[in-house]
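The values are calculated or read from the model by the stated rules, or taken from the named source; none is laboratory data. Computed from a predicted model, the values in this text were never measured in an experiment. Note: ideal-geometry Cβ built from the backbone for every residue, glycine included; neighbour counts use all protein chains shown. Accessible surface is based on the protein model in full, side chains and every heavy atom, while ligands, DNA and RNA are left aside. Shrake-Rupley method; radii C 1.70, N 1.55, O 1.52, S 1.80 Å.
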Amino acid sequence: MPETQPAHWVVLKFGGTSVSSRANWDRIAAILRARCAEGLRTAVVHSALSGITDALIRLMDRAQAGDAETEVAGIVARHRELAAALGIDLPPEVGQQLAELGRVAGGIALIGEVSDAVRARVLAAGELMATALGAAFLNAQGLVTTLVDARSWLIAQPVRGQRPSVLSASCGSDPDPALVARFAQLPGVILTQGFIAAGEGGQTVVLGRGGSDTSGAYLAARLSALRLEIWTDVPGMFSANPRAVPTARLLKSLHYDEAQEIATSGAKVLHPRCIMPLRQQRIPLQVYATQAPEHPGTIVSAEPADSGARLKAIAIRKGITLVSMDSPGMWHEVGFLADAFAVFRQHGMSVDLVSTSETNVTVSLDPQANALDSGEVAALVEDLGRLCRVRVIGPCASLSLLGRDIRAIIHRLGEAFELFEEQRIYLVSQAANDLNFTFVIDEDQGDRLVALLHDLLIQAIGNDPVLGPTWEQINVPQAGVAPRSDWWRARRAELLGLLDGRDAAYVCELATVSAQARALQSLGSVSRLFYAVKANAQPEILRCIAAAGLSFECVSPGEVLRVRQALPDLDTGRLLFTPNFAPRAEYEWALGQGLQLTVDNLYVLREWPGLFRDRAIFVRIDTGRGHGHHQKVRTAGTQSKFGVPLDEATELAEAAAEAGARIVGLHAHTGSGHFEIGAWVDAAEVLANVARHLPEVRVLNLGGGLGVPERPGQAALDLAALDAALGGFRAAHPQFELWLEPGRYLVAAAGVLLARVTQLKGKGELRYVGVATGMNSLIRPALYGAWHEIVNLTRLAETPAQLYTVVGPICESGDVLGHDRLLPPCREGDVLLIATAGAYGAAMASHYNLREPAPQLVL
Ligand code: LLP
């Protein structure tokens, strides 16, 4: 027999979302088969199912109070559900781990505390169970797979200058021929756990948050692998967070240093700790998306595609607290800084950015490194107060320009700095490694500035060796159903027919509304769905939504009456009433009608207690952090008028008790038109926390807000991922039902506004095309700068050749429906179509200028 060649190893790491669904596991099997077909040997490292590590942490917290059963039950259910989806029996290893979790929880309840060693052991269960499921599935698919316990090959090593920690262990990354020889003997795919390792005495230790990436890097380095592939839910690293800035561009190639800096500055794709082992062995790292394996992703190596000075990404980190220390004598005092920093050390707080002047030192505390609660910050301030005058500033955001040799390009950023004109900049810092330039500003300005800076400095760059396509262009196919946003192309003739004899009309396709309702009903984690009537109260739409089985959320008596008129037989149990700053009489009326009422202010309980005696009510909570497509639609945080703030949670329980009301549900709607899956899960977590003081709470209503793509190619909200994330929450909190009340998601894409061209004119460089209705029908562009696709429906087949500003007949310069739209040459009488106008279009129309808004028709 000829001597076999030494095997080439590739290590593939899959994250929590990647291993949580059958669809992804089918993709993983296909990826592994493709690597085998290339003659490579594969070693897979993967994480726990998404949400399970958090559930295990809560399990330990609750176990101390003897109350871990529901958490354990949730974790059991989650693994059983995935096993069923994968078509396999629950592997015995999973059963053993689950039984042990039950025993450990009992032990914690007895002792009343959790040692670090036990904590590490409990956390490790997540990975041990997930990999047992993964190996069983791959074997069942005929892909021979050997499950290897990570504790047999990854041993923690002490690091000089660091205390050994079983919760944040470090390991060696030197090439390991013995490990190569051992793995070479094992058949098929090697599958092992991320995040966990053995201590020197053999006990279980973990690598800290994001540890699975680091495990993958250790394994690649030890096997001298050809490369490490990190498979996650985005197709690479981007020039900004693509969920917030859809024009963010794919970074095709990066140097280790740059990737590390971008990862450290808040991008969640990679854990920064994983870079070092790879860089030491010069092993390239490739980032891919599990749900879109065909995309080339990002490659991180010692030889990136470019080497000059340049800006590559803009990152934002929120939740930053600044500590500003003033001391007039500072300049002359030897050792002031040493004394001050000693105080931070005593409080176990790590300092991130620092800026100093003659009389002031300001530092930032990074929430990732510091578990900050207000008590700890107050204790720090008190001790620092002995040395100097102290001021705490926050919440802030740090906004970093990242790239190489940033100093060399500062002069080119002139125009960008003008964007900071209206901002308070608390701190500026230029990193010693010259890889970043950072500003600290008020948190609520952060997202807006990132988007503006990104458009100015990065988006505008053309063809480039490093900057690839934008997130929108890549348009990774999302699990779940994408809205049918351009149904109108196929129904052009009908639409033009409907406009015969009219100047303007809204048209809604009911089939799209039904399709959206069905898509929402695929959310197994959500017990009840309500349609937020405010998005569009057209009676036929309401009937269509009721027929699909949804209930209704109303915010005024008018909305309730509209639903009742459209659906006279509707059961009252299918109506929610969620007023805000409404007069007392409305509450009396709603309670009299038997509507499920949500109050969002302690005032009503305290001032009108008689109304609420023996009533079962919901309470809207301000979770503290808003989300949404525009500042005006973010409905949490101090800038918004909604909800009971978290610091009034105990008063809430008292006020309700005094009024004799039973709080049976909590509600949060943090904002409208966003795609941040974590936002709904975070809201659920916050509500669950508040519910600890309110034993009767059974329902958490997470509001609406589900975003809908507006631009062609923009990715849809990943409903399957939302479901998986909420499923993780439910598994951990089975005592609560989750409700949602989306508006936009059901109707936005179903509706279009049609308007006839009235006049054309050129002025300066601009060409205007006027249409018969404007901001009186659709105010969203004027109010929020919202972008709606506009086409010339009459000339749909003609080549767009002319840039137009599309305006209405209203006497304001703000009456613009779209700027710089490329359309075929337009003529008087043509019909323009303004897309994605089904939500908050007709519903917000007015009679301004005494011009009737466009009537609503349905198809
Ligand atoms: N629940 C509550 C308590 C709400 O206030 C809202 C919307 C929703 C649910 C539904 O949110 P959705 O799923 O539609 O995002 N006029 C703005 C949107 C304002 C939304 C107000 N509240 C726009 O045109 O974008």
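Quick look at the values:
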item	result
Long-range amide H partners of Gly624 with built H, under 5 Å	Gly637
Over the range 279-393, relative contact order from alpha-carbon pairs under 8 Å, at least 6 apart, %	27 percent
J(HN,Hα) series, the range 492-501, from Karplus relation 6.51 cos²θ - 1.76 cosθ + 1.60, nearest Hz, glycine and proline x	4, 4, 4, 5, 5, x, 4, 8, 3, x
Gyration tensor verdict on the range 606-762 (Cα atoms; rounded if a/c is under 1.5, prolate if a/b is larger than b/c, oblate otherwise)	prolate
Distance in nm between pseudo-label sites at Glu852 and Asp89 (7 Å out along the Cβ direction from Cα)	7.2 nm
Per-residue ³J(HN,Hα) for the range 38-51, Karplus 6.51 cos²θ - 1.76 cosθ + 1.60, θ = phi - 60°, Hz, x for Gly and Pro	7, x, 9, 9, 10, 10, 9, 10, 9, 8, 6, 4, 4, x
Gyration tensor verdict on the range 476-581 (Cα atoms; rounded if a/c is under 1.5, prolate if a/b is larger than b/c, oblate otherwise)	oblate
For Ala661, distant residues with modelled amide H under 5 Å away	Asp614
Computed magnitude of the charge dipole of the range 747-859 (debye, nearest 20; Cβ of K, R +1, Cβ of D, E -1)	100 debye
Residue (of Val533, Ala460, Ala750) at the positive-pole extreme of the chain, dipole from beta-carbon charges	Ala750
Three-way shape label, the range 370-428, alpha-carbon gyration tensor, a/c 1.5	prolate
Using alpha-carbon coordinates, inclination of helix 510-521 to the longest axis of the chain, degrees	30 degrees
For the range 733-859, fraction of C-alpha pairs farther apart than 27 Å, in %	22 percent
Interchain or long-range residues, amide H under 5 Å from Thr298's placed H	Met237, Val287
Angle in degrees between helix 211-222 and the longest Cα principal axis of the chain, rounded to the nearest 10	50 degrees
Heavy-atom accessible surface of the range 437-551: percent carbon and sulfur, 1.4 Å	49 percent
Linear extension gain, Arg160 paired with Ala178, 0.36 nm per residue minus alpha-carbon span	4.0 nm
Solvent-accessible surface ranking, highest first, for Trp608, Trp488 at 1.4 angstrom	Trp608, Trp488
Coarse-grained scattering of the chain at q = 0.05, 0.10 Å⁻¹, given as base-10 log I(q)/I(0) from a Debye sum over alpha-carbon atoms	-0.31, -1.27
Within straight-line cross-link reach of Lys13, lysines at Cα separation under 20 Å, skipping those fewer than 8 residues along the same chain	Lys252, Lys268
Size of electric dipole in the chain: Cβ of Lys, Arg +1 and of Asp, Glu -1, about Cα centre, debye, nearest 20	1400 debye
For the range 437-581: relative contact order, % (alpha-carbon pairs under 8 angstrom, 6 or more apart)	16 percent
Table column - 3J(HN,Hα) (Hz), the range 612-624, Karplus curve with 6.51, -1.76, 1.60, x for Gly and Pro	9, 4, 6, 8, 9, 10, 9, 10, 7, 10, 8, 6, x
Inter-label distance, nm, simple model (7 Å from Cα along the C-beta direction), Asp486/Val144	4.9 nm
Positive dipole terminus of the chain, leading residue within Leu857, Leu567, Ala397 (C-beta point charges)	Leu857
Solvent-accessible area per residue, Å², over the chain with all protein chains present [probe radius 1.4 Å]	41 Å²
DSSP-defined antiparallel bridges as percent of all bridges, the range 134-278, nearest 5	50 percent
Extension reserve of the Thr650-Glu421 stretch, reckoned as 0.36 nm per residue once the Cα distance is removed	78.3 nm
Heavy-atom accessible surface of the range 169-252: percent carbon and sulfur, 1.4 Å	53 percent
With every protein chain in place, the range 666-760: carbon and sulfur % of accessible area (1.4 Å)	48 percent
Net length gained if the chain between Arg692 and Ser813 were fully extended (0.36 nm per residue, minus Cα distance)	38.4 nm
Solvent-accessible surface (1.4 angstrom probe) belonging to Cys811, in square angstrom, nearest 10	110 Å²
Rounded to 5, percent antiparallel among DSSP beta bridges of the chain	55 percent
